[in-house]
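Comments concern the structure below.
The values are calculated or read from the model by the stated rules, or taken from the named source; none is laboratory data. What you are looking at is a predicted structure, and each value in this text was computed from that prediction instead of being measured. Neighbour counts run over all protein chains shown; Cβ positions are idealised from the backbone, glycine included.
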Amino acid sequence: MSDKTMSARDVVARLESGMTIGIGGWGSRRKPMALVRALLRSEITALTVVSYGGPDVGMLAAAGRIRKLVAPFATLDSVPLEPNFRAAREAGALELMEVDEAMFMWGLRAAANRLPFLPVRAGIGSDVMRVNPSLRTVTSPYEDESGHHETLVAMPALRLDAALVHVNRADRAGNGQYLGPDPYFDDLFCEAADTAYLSCERIVDTAELTKAAPPQSLLVKRLHVTGVVEAPGGAHFTSCAPDHDRDEVFQRLYASTPWPEFAERFLGDDERAYRSAVAAWHEEEA
């Protein structure tokens, strides 16, 4: 098996302005924030971002890097609406395709299977169709028990140029393992993308992946991974159970601080600088 390890800077060097980037995790949970911060340190812009949105969406929106967002929500979980996303949306700074959570998943699944769309009941009878006039419906070719041909939403494939995800453990070949309570949809993000970059709390030998947890915890297969980045604390300030909880006090700081001020103090030149700045802030608060 080939060694796919690289740095966060190596990952960003492979990305380009105008790409469609999928970002794994959910809200403020297990987001690949080290990779997002590396992206923010670059000049890459005009992105289409596909995400169950959290601070990844908020930071990229605040920095003016998003041209279009595809998402069912953008939340910090304990803060219901991501404040930087809200500000960007209210200012009309980005185009938004807002869909139901199930429709979003179906779009990823269609892309993972290289299908143009998948039919889904979600969205019928809701404002999703009104706010997304480009969405189409399809009629089932099969009769139901009543002899009717059901009308369904044709959710288009959410095809990605690149995916960024974060898990608890990975080996050098790109097998990724989650140890928390929820896989989210990180595997679908990787399968829906032309290239996928996996950051992890710790890189381990392949044999160790099945010693501490059952085989079904192996969420991401090396077949779908382009690069692996060891990034301890790489989901901060979002949670990455069981390795660490969400840093709630720091998240509240982020949510209440203007982006330019937050970025100047905490973004830094690399992750070492970021961690040092966060640690210094916590010491000040203590």
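Here are the numbers for this structure:
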quantity	calculated
Filtered residues of the stretch 158-182 (kept if under 13 Å from W26 (Cα atoms) and either assigned to a strand (DSSP E or B) or within 12 Å of the chain's Cα centre (by Cα) (or both))	L164, V165, H166, V167
Wholly within the stretch 45-155, strands (runs of 3 or more DSSP E) carrying at least 1 residues that are in contact with an Asp or Glu (Cβ under 6 Å, 6 or more places away or on another chain) and more than 28 Å from E16 (Cβ to Cβ)	136-143
Near pairs, Cβ below 9 angstrom, 6+ apart or cross-chain, from the stretch 112-132 (without any contact (Cβ under 8 Å) to a residue 60 or more places away in the chain and farther than 15 Å from E101 by Cβ) to any residue that is small (G, A, S) and exposed (fewer than 14 other Cβ atoms within 10 Å of the Cβ)	P119/S140
Filter pass, V138 being assigned by TED's automatic domain parsing to the domain that holds P183 and aliphatic (A, V, I, L, M)	no
Selection from the stretch 209-219 of residues that are part of a helix (DSSP H, G or I) and over 18 Å from V229 (Cβ atoms)	T210, P215, Q216, S217
Of residues in the stretch 3-26 being among the small types (G, A, S) and touching a residue at least 60 places away in the same chain (Cβ under 8 Å), the one farthest from V225 (Cα to Cα)	G25
